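The values are calculated or read from the model by the stated rules, or taken from the named source; none is laboratory data. Owing to the predicted nature of the structure, the values given are computational and were not obtained by experimental measurement. Backbone-built Cβ (ideal geometry, glycine too); neighbour counts: all protein chains shown. To get the accessible areas, we keep the full protein, side chains included, count just its heavy atoms, and leave off ligands, DNA and RNA. Shrake-Rupley method; radii C 1.70, N 1.55, O 1.52, S 1.80 Å.
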Amino acid sequence: MKNLKKIIFSNKILLSKLAIAFASGVGGAFAFAPHYLFSLLILSFFILLRLLFHAKSYKESFLIGWFFGCGYFFAGLYWIVYPLIFYFLDSLWWLIPFAVILIPCVLAVYHGVCGIVLHKLNSGNKVIFSLSFLCIWILFEVLRNKLFTGFPWLITGYSLIKWPESIQIASLVGVFGLSLIALSTPIICFLLTDIWINRKCRKGHVVLCVICAMIFCVNFLYGWERLSSGEIRLSSHSKIKIIQPNISTLLSKETMDENAEEIIQLAKVNSVEDYGLLYILLPEGGLNYFSKTNLIKLIQSSVPDQAYLISGGDRVDYSKRLAWNSVFVIDHTGRVVDLYDKTHLVPFGEYIPLKEELSATFNAVVSTFSNNFFEFSRGAGAHTTLSGTKFSFSPSICYESLFSRDVIDTKNSPQLLINFTTDKWYKNSSGPYQHFDMSRLRAVEFGLPLIRVSSTGISGVIDPYGRVLAKISLNKKGIISNYIPLALQSKTFYTNYGDTPIILLLSGILLLVYLFLQCKAIKNVKSTD
């Protein structure tokens, strides 16, 4: 009877811990756009640190990390289900539970495994544990960015993007370096709480707190100095024109023609406002709204001799039964002078991964799913479009802008980044706001201006320091006519070296922690003998 009571009591404690972990994960998701509640990220990770440090087994550590991840991704990715609810409810309603539950649960496995590794390195020393947590958590974010096509949404570094000063160091260390800075704050709270509880000021605690505080403060000082000396530099004569048509529904033939006429009117050249016009931009899939007749009308009314119409659209090779999600560069005569095919496709959105393997087991499900969307082929990789011209650019389509090293060809660097997207599927959720922020960080990393053109928003012009120079809000129809921002005069450190330095730094710290623990274990064995 006593054993039964003990089991029930221990299970209640575990369930309480898991509930707190889940709630903490939910709170952490509110640190990102459009809420930017960074204080909740500090609180949520502080609670996670406490729970993981006091975990009694590998199983408990995994479950705490996994439940935290479930809450984190459930609250941060709720909008993934919107296309199924608002556009495909009749045919794909049965996928809703998978989108709501399965995706967060699968992604949370990264956090669960992170908990297991932390338990392995937990020697009871809070300083060592804090360093281990910092390194392991960010390295698992790197893995999440790479494995199984990658999914870099809700990387903790993006929680700092509200403050332009706080993200300038991304030009050196990228988004994972920002994660290190963001996570230094809950570590300070974790160690200071231990000092307060034990009423003992330990040297190691104080040293690591000071180091973390210095990292956080120096980052802001570096960003402030960089922005103070970084003037906004614009081309004196070359303009870019962004068309945000605010087309938010699936269209019939009739409504497509009506919208095409509206876009033609929006894009029409105004001799005063459009002086020096170089690029007219339409969003991802923009050309799909046009019949051949309407496309000719668009080119004739909006593309001057020296300018280009640049738009997303579907490219189909009927003879090979292949299709690509592409960007077309069209001159004033209607000739396609360059194009780019999307490389990083969205799993289950643009293609079915492991289609053959899945079909063998789930043939009926895969067939039903396949019949409800158009599957695309993968492009050749990052491509500098109009290479050799003053404003050569690197196009990215929608989801691709999240993958830092995939957006440019570093051997043939462009002068401009242009992201073509359509976030119409996600309505007024947090998804489009977060997508805009994540794309924006690419400008800081590479020291290149970013132009973003979206069907329903958010479109904008961003300088190489991540400052938004012009913007069309979500679910608004509008035009931006702006002189093209100039790239930084030299390549950033991140352009040259990417994520390698921060990965090596974290791996090195983790190796030192492991060696320290091994030496300590050997010393303890010898003292026992």
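Compared with the alpha-carbon gap, the fully stretched path from residue 101 to residue 336 is longer by 80.2 nm at 0.36 nm per residue. Annotation: amide H-H contacts under 5 Å for residue 486 (H modelled 1.01 Å from N, sequence separation of 5 or more, or interchain): 233, 234, 235. With a ≥ b ≥ c the root eigenvalues of the C-alpha gyration tensor of the stretch 193-346, is it rounded (a/c under 1.5), prolate (a/b larger than b/c) or oblate? In terms of gyration-tensor shape, prolate.
Here residue 200 is the anchor, and the lysines within straight C-alpha reach of less than 22 Å, apart from those fewer than 8 places off in the same chain, are 126. In this structure, the amide hydrogen of residue 290, modeled 1.01 Å from its nitrogen in the peptide plane, lies closer than 5 angstrom to no residue at least 5 positions away or on a different chain. Put simply, the amide H of residue 308, placed in the peptide plane, has neighbours under 5 Å in 279, 280, leaving out anything fewer than 5 places away on its chain. The residues of the chain have, on average, 45 Å² of accessible surface per residue, using a 1.4 Å probe with all protein chains present. With K and R counted +1 and D and E -1, the other residues having a Cβ less than 12 Å from that of residue 187 yield a net charge of +1. In a reduced charge model with +1 at each Lys and Arg Cβ and -1 at each Asp and Glu Cβ, the stretch 173-292 shows a dipole moment near 1000 debye about its Cα centre. Note on the chain: antiparallel DSSP beta bridges, both residues inside, total approximately 60 percent of the bridges counted. Computed 3J(HN,Hα) for the stretch 387-403, one whole-Hz value per residue from the Karplus formula 6.51 cos²θ - 1.76 cosθ + 1.60 where θ = phi - 60°, is 4, x, 8, 4, 10, 4, 9, 10, x, 9, 10, 6, 3, 4, 5, 7, 9, glycine and proline marked x. Let me know the whole percent of all Cα-Cα pairs from the stretch 21-169 that are separated by more than 18 Å. Everything past 18 Å amounts to 60 percent. In a simple Cβ point-charge model (Lys, Arg +1; Asp, Glu -1; nothing else charged), the chain has a dipole of about 2400 debye relative to its Cα centre. Note that the stretch 421-521, at 37 °C in a medium of 0.692 mPa s, gets a Stokes-Einstein diffusion coefficient of 203 µm²/s from its Kirkwood radius over C-alpha pairs. Too long at a 22 Å Cα-Cα cut-off: which of 411/471; 56/120; 241/268; 320/342? The pairs that break the limit, which is 22 Å between Cα atoms, are 411/471.
Counting only residues at least eight positions apart within a chain, or on another chain, the aspartates and glutamates with an alpha carbon under 12 Å from that of residue 162 are 437. Since only 460, 431, 319 are under comparison, the one whose Cα sits farthest along the positive direction of the charge dipole of the chain, derived from C-beta charges on Lys, Arg, Asp and Glu, is 431. Between residue 275 and residue 390, the C-beta separation translates, for a Förster distance of 25 Å, into a calculated FRET efficiency of about 0.90. A simple spin-label model places pseudo-atoms 7 Å from Cα toward Cβ; at residue 215 and residue 265 they are separated by 5.5 nm. In the chain, a dipole from Cβ-located charges (positive for Lys and Arg, negative for Asp and Glu) runs towards its positive end, and of 383, 521, 490 it is 521 whose Cα lies farthest in that direction. Annotation: residue 516 carries an accessible surface of approximately 100 Å², with a 1.4 Å probe and no ligand, DNA or RNA atoms counted. Here is the result for the stretch 136-192: no trypsin sites (Lys or Arg not before Pro) lie in DSSP coil with at most 10 other C-beta atoms within 10 angstrom of their C-beta.
Over the chain, what is the relative contact order in percent, taking alpha-carbon pairs closer than 8 angstrom and at least six residues apart?
15 percent
As a length-normalised measure over Cα pairs under 8 Å and 6 or more apart, the relative contact order of the stretch 297-349 settles at 30 percent.
One decimal place: the segment residue 496-residue 88 gains 142.5 nm when fully extended, by the rule 0.36 nm per residue minus the C-alpha distance.
The residue among 205, 228, 216 whose Cα reaches farthest toward the positive pole of the charge dipole of the stretch 198-237, with charges on the beta-carbon of Lys, Arg, Asp and Glu, is 205. Label sites at residue 351 and residue 321, each approximated as a point 7 angstrom past Cα along Cα to Cβ, lie 1.7 nm apart.
Length gained on full extension, residue 473 to residue 201, computed as 0.36 nm times the residue gap minus the Cα-Cα distance: 92.9 nm.
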